[in-house]
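Asker: Below you'll find the structure I mean.
The values are calculated or read from the model by the stated rules, or taken from the named source; none is laboratory data. The structure presented is a predicted model; accordingly, all values stated were derived computationally and were not measured. Cβ atoms come from the backbone with ideal geometry, glycine included; neighbour counts cover every protein chain shown. The area values use the complete protein model at the heavy-atom level, side chains included, leaving out ligands, DNA and RNA. Shrake-Rupley method; radii C 1.70, N 1.55, O 1.52, S 1.80 Å.
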Amino acid sequence: MLEMLLCSLLTIFPDYLFRRYGQGKRFGKEITLFSVWFELRWGITACLILTVSLITVIFYNHPSTTNVTLFFRTVPIVPETNGRVAEIYVGFTGPVSKGAPIFRLDSSKQEAAVETARRKIAEIEAEMAVARSDTAKAQSQIQEAESARQQTLDELETKQELQRRNAGNVAFRDIEKLQVLLQGREAAIATATAARQSAEEKISSVLPAQKASAEAALAQAQVELEKTIVRAGVSGRVEQFALRVGDIVNPLMRPAGILIPEASTKSLQAGFGQIEAQIMKAGMTAEVTCVSKPWTIIPMVVTNVQDYIAAGQFRGGEQLIDPKQVREPGTLLAFLEPLYKGGLDDVTPGSSCIANAYSNNHDLIVSKDTSAVRGVALHVVDALGLVHALILRLQALVLPFKTLVFSGH
């Protein structure tokens, strides 16, 4: 409407003055309601063309959108395992710090597994003590067998010497018995040595491996026990936490509640038309008005423009992609941050807003390659941003009342 009024002052009004004072035609005589088109056809045609051109220039170089929202991230509260709720640490809503417990599942099974793993470690440690005793016992048996062998060997050598001096003094059968007994003593030494080696191998390799396996089982059991206590991964606020003691929790069915993390930085996400992809650049200034902060214009700056449009994304599957399935054209996502610190402090997350972005042609205007005519045109384009800013301020005045009307109040 403002553009049409401005264009009519430049086209229809001069045409009327020419008809009235240049040609002497009077309104109500030569210029009537039925002859307005014929008499003022040039002014009306020029007004329509100029209005369309002006609106196109304004909205192309100064993009506007109502698809602006202060998005916030939510984290579902789900356990890593199934179970029955045994204890609740938070209410239906409230703040929670990082690492704080939210609720606990029944952990009797996990506690039994931890106790079993601990008993297994104690059993292996007892076996290690027994193996050390077996090593000492085998060492004593080796010494005993070596002493018996040495005694048998000495007796055998003595009788062999006596037989050598006089064959009739010692019976050959006695010497054979001593030789057989000596072999038995040597076999006893080998048996005791093997028993000692087995005990040492059990102490150095088998039992430590079994203990390490038992410790790993204990660590796994403790991890499973820790999973029964669901903790907050980040600091934030718990909302809609309706879980109660006795409820069965299954992570595959539904979350127990919602955790809204604390936002370190606030930024608005605005969806502009695809035709404005060549205009939207990082660093552009913008203005925003939000429903939750009425009658306020917030200076913003475009920090990033997404290179992709969400309407064209697809997920690999068993069917081919048909572009006809894209019902509505997607928008160009731009991220807006407040120009001044604390600009969005009073804006409630999730609020709907209206945004205007303004192109800056200063670099092109001062460039040596820019002609005078183009420089004037760029000056006019930048000046038309004032019209767009005025429109935004009018929308800021009307937006709260419009919201009340559509909400049914």
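Asker: Test SER198 against the stated conditions and say whether it is over 19 Å from the mean Cα position of the chain (by Cα), surrounded by fewer than 17 Cβ atoms within 10 Å (Cβ to Cβ) and of a type outside the set (A, V, I, L, M). Break it down into steps so the answer makes sense when it comes.
Answerer: Values: over 19 Å from the mean Cα position of the chain (by Cα): yes; surrounded by fewer than 17 Cβ atoms within 10 Å (Cβ to Cβ): yes; of a type outside the set (A, V, I, L, M): yes.
It is true that SER198 is over 19 Å from the mean Cα position of the chain (by Cα), surrounded by fewer than 17 Cβ atoms within 10 Å (Cβ to Cβ) and of a type outside the set (A, V, I, L, M).
Asker: Scan (1) open to solvent by less than 70 Å² (accessible area, probe 1.4 Å); (2) within 18 Å of PHE72 (Cβ to Cβ); (3) in contact (Cβ under 8 Å) with a residue 12 or more places away in the chain for the single condition ASP346 breaks and write down its number.
Answerer: Tallying (1) open to solvent by less than 70 Å² (accessible area, probe 1.4 Å); (2) within 18 Å of PHE72 (Cβ to Cβ); (3) in contact (Cβ under 8 Å) with a residue 12 or more places away in the chain, ASP346 fails exactly one: (1).
Asker: Cβ contacts < 7 Å: first residue open to solvent by 40 Å² or more (accessible area, probe 1.4 Å) and part of a strand (DSSP E or B), restricted to segment 237-255; second residue modelled with pLDDT of 85 or more and among the basic types (Lys, Arg), any location; separation 6+ or different chain. Result?
Answerer: Filtered contacts from segment 237-255: ILE248/ARG84.
Asker: From GLN278, GLN269, which residue is open to solvent by 50 Å² or more (accessible area, probe 1.4 Å), polar (S, T, N, Q) and not in a helix (DSSP H, G or I)?
Answerer: Values: GLN269 fails: open to solvent by 50 Å² or more (accessible area, probe 1.4 Å).
Checking each option against the conditions leaves just GLN278.
Asker: Does GLU115 satisfy the condition of being in a helix (DSSP H, G or I), in contact (Cβ under 8 Å) with a residue 40 or more places away in the chain and under 45 Å from the mean Cα position of the chain (by Cα)? Steps first, please.
Answerer: Values: in a helix (DSSP H, G or I): yes; in contact (Cβ under 8 Å) with a residue 40 or more places away in the chain: no; under 45 Å from the mean Cα position of the chain (by Cα): yes.
In short, no.
Asker: Please go through segment 281-309 and give me each residue that is outside any loop (DSSP other than H, G, I, E, B) and in contact with a helix residue (DSSP H, G or I) (Cβ under 9 Å, 6 or more places away or on another chain), ordered by number. Even if it seems obvious, please write down each step before you answer.
Answerer: Step one: filter segment 281-309 for residues outside any loop (DSSP other than H, G, I, E, B), giving 285-290, 293-305.
Once the filter is applied, which keeps residues that are outside any loop (DSSP other than H, G, I, E, B) and in contact with a helix residue (DSSP H, G or I) (Cβ under 9 Å, 6 or more places away or on another chain), segment 281-309 yields GLU287, VAL288, THR289, CYS290, PRO294, TRP295, THR296, ILE297.
Asker: Go through segment 1-91 and tell me which strands (runs of 3 or more DSSP E), entirely inside it, have 2 or more residues that are of a type in the set (A, V, I, L, M), touching a strand residue (DSSP E or B) at 6+ places or on another chain (Cβ under 8 Å) and surrounded by 14 or more Cβ atoms within 10 Å (Cβ to Cβ). Working first, answer last.
Answerer: Numbers: elements: 64-69, 75-77, 83-88.
In segment 1-91, the matching strands (runs of 3 or more DSSP E) lie at 75-77, 83-88.
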